[in-house]
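Structure first, then comments.
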Amino acid sequence: MKKLIILLYSAFLFLFTIFSYLFVDPNLSYLKDFYSGFAFSNRLLTTISYTTAILIFFIFYGIFIYLGVKKKINLKEIFVLLSITAAILFFSYPAMLSYDIFNYIATSKVLFFYQENPYVVMPIEFVGDPLLAFTHAANKIALYGPFWILLTGMPYLLGFGNFIVTLFSFKLFIVIFYFLTVFLVWKLSKKIIPLILFALNPLVIIETLVSGHNDIVMIFLVLLSFFLLAKKKIFLGTIFFILSILIKYSTILLIPVFLYVVWRLIKNKGIDWEKVYFSSSLLMLVAFLLSPIREEIYPWYAIWFISFSFLVPNKKILLYTSIAFSFSLLLRYVPYMFTGTYMGQTPFMKEIISFIPPALVFLYYVIKKKI
Amino acid sequence: MAFRIFFIIILFLLFPQVSLAQSNYVLPYPSGMPGSLSYKFHLLYENASRYWYFGDFGQFDYNLKMTDKYLVEAKTLFEYKQYLLGYKALKKSDFYFPNILFSLAKAKNNNKDISQKKIILKQAMLKHIETLERMEVDTPDTFNWQPEKALPTTLDIKTTIERAINIRKNVP
């Protein structure tokens, strides 16, 4: 039965990878052989297919959690499952839902190829650069932290100037951080359930293994910092905490938690790590909810708080709200996918879809608790 | 009728409207002026930020920003009849100027397309010339600076402004 599930899951991931290529940008000359324009000319069918795919993702997620709860899946099988997931989705088209990976490459190119400061010079200033045809934020200076930009030197240089190789070396880079984070989740929790909740979460999988967002790198570094603090390595823990902030800045909100842990360590007092993860999750949820101040809420920002909330699965309200957010935020893409515009009803629909399911789940558990 | 039209055209050609060079380029607001404590810190920041603006285009931006800044500073100081300080600011604006051309040449050598930067520079220079020409009208040709306990100096403001205009007119 388990083998059949894994087989079906693999087949589904394979189909999802093929589906992702329906979104190839018409200006992406490097993949012109894969361009069909299907997603842009058959919006209804694409939207239905995408929504169905998300539902299937969550059905499998539910099955995996069930197997975990019933202790019918072991660590080795989870590792096999994760390897299959990463191996298949590695080949998916990364700009299916977001163009951020192109921004990462463009920013990296500004520094490592043109040798200009990406915080001063925008990619658009390099007239004639082929990346400009399909990079969506070329008219902005670097949006990310300096440590992220430095790290991107590795996948950029490994691309040897070939765009496709660079694109997939960025994906590989993110896949590595996904596995490192999964490893840390295991080390920190020592339980199978948090591992399944995080590693097989459809939002984590799609936003990390398909879209290649750098949020996983920030989360890895902050978890590593907590891991080192748990081992009483304050100096290294501090370094990695700072590096985490220098990826995407959001973990700056965890400074009070970090200082609390360090203070407890210095005072040789015990640390309730469940409380630490719970507080971290709430603070990162605040960062997530505050993100419209800067731009808007993007689905991948949920990785910030769900990574922590899955470490404390006994906090049921937080757990179910996180899962509801994972589901609703993946559907946040639907209004644009269907209408093809960011104007009109799209922004309103996006907010409704993103917040109604988690709000209902939250209310249900609050009422249930009171009764 | 034909003669009248011909006459009107000739009138237009003989008496064209006098217009200064005009550019859509926007110069910055005047920043802190010399004399204040914050100005010294600002100079330090300016010097340090030179390294932040690394790269050919970065240096182009930095030097253009500096030449703009000191031109505005000179204009403001001249308006407040602070001729010595204004004179120094104008010279400082000119000082940064060759660096702009040098960074562009370097960018070209590094195979970077500098066409957009050249357009920006041309627009900036038109605005500079426009500002300098107004400045030339509003400021005295020379000014005798009499410092306390030192010999007086004559500031040749007109020549300095004209030199600044010429530098900017010679942008390729």
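Listed values, structure above:
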{"read-out": "Segment A:10-138, relative contact order [Cα under 8 Å, separation at least 6], %", "value": "29"}
{"read-out": "Gyration tensor (alpha-carbon) shape descriptor, segment A:258-321, a/c threshold 1.5", "value": "oblate"}
{"read-out": "Check: segment B:36-169 dipole with +1 on Lys, Arg Cβ and -1 on Asp, Glu Cβ, in debye", "value": "420"}
{"read-out": "Charge dipole of the protein assembly as shown about the Cα centre (unit charges at C-beta), most positive-ward option of A:138, A:210, A:110", "value": "A:210"}
{"read-out": "Cα-based Rg / Dmax (Å) for segment B:36-169", "value": "16.4, 55"}
{"read-out": "Proxy reagent accessibility, fewest Cβ within 10 Å first, across B:85, A:360", "value": "A:360, B:85"}
{"read-out": "Nearest-20 debye value, segment A:251-355 charge dipole, Cβ charges on Lys, Arg, Asp, Glu", "value": "380"}
{"read-out": "Relative contact order (%) - chain A, alpha-carbon pairs under 8 angstrom, separation at least six", "value": "16"}
{"read-out": "Per-residue Cβ neighbour rank within 10 angstrom, fewest leading, A:238, A:135, B:159", "value": "B:159, A:238, A:135"}
{"read-out": "Positive dipole terminus of chain A, leading residue within A:356, A:188, A:298 (C-beta point charges)", "value": "A:188"}
{"read-out": "Residues A:186, A:304, B:52 arranged by fewest to most Cβ contacts within 10 Å", "value": "B:52, A:186, A:304"}
{"read-out": "Restraint check, A:190/A:269; A:171/B:65; B:40/B:69; A:248/B:106; A:191/A:315; A:32/A:171, Cα-Cα greater than 27 Å", "value": "A:171/B:65; A:248/B:106"}
{"read-out": "Trypsin sites (Lys or Arg not before Pro) within segment A:240-313: DSSP coil, no more than 11 neighbouring Cβ in 10 Å", "value": "A:267, A:269, A:294"}
{"read-out": "Most positive-pole-ward Cα, B:102, B:71, B:87, against dipole of segment B:36-169 from beta carbon charges", "value": "B:102"}
{"read-out": "Surrounding net charge for residue B:69, when Lys and Arg each add one and Asp and Glu each subtract one, Cβ distance under 14 Å", "value": "+2"}
{"read-out": "Taking segment A:220-286 and dividing mean pair separation by its residue count, relative contact order in percent (alpha carbons under 8 Å, at least six apart)", "value": "27"}
{"read-out": "Net +/- balance of residues flanking residue B:139 in space, Cβ distance below 13 Å, scoring K and R +1, D and E -1", "value": "-3"}
{"read-out": "Rg/Rg_ref, the protein assembly as shown, where Rg_ref = 2.2 N^0.38 Å and atoms are Cα", "value": "1.27"}
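Only the coordinates and a few stated rules stand behind these numbers; no lab work does. On a predicted model such as this, the values are computed, not experimentally measured, just so you know. Backbone-built Cβ (ideal geometry, glycine too); neighbour counts: all protein chains shown.
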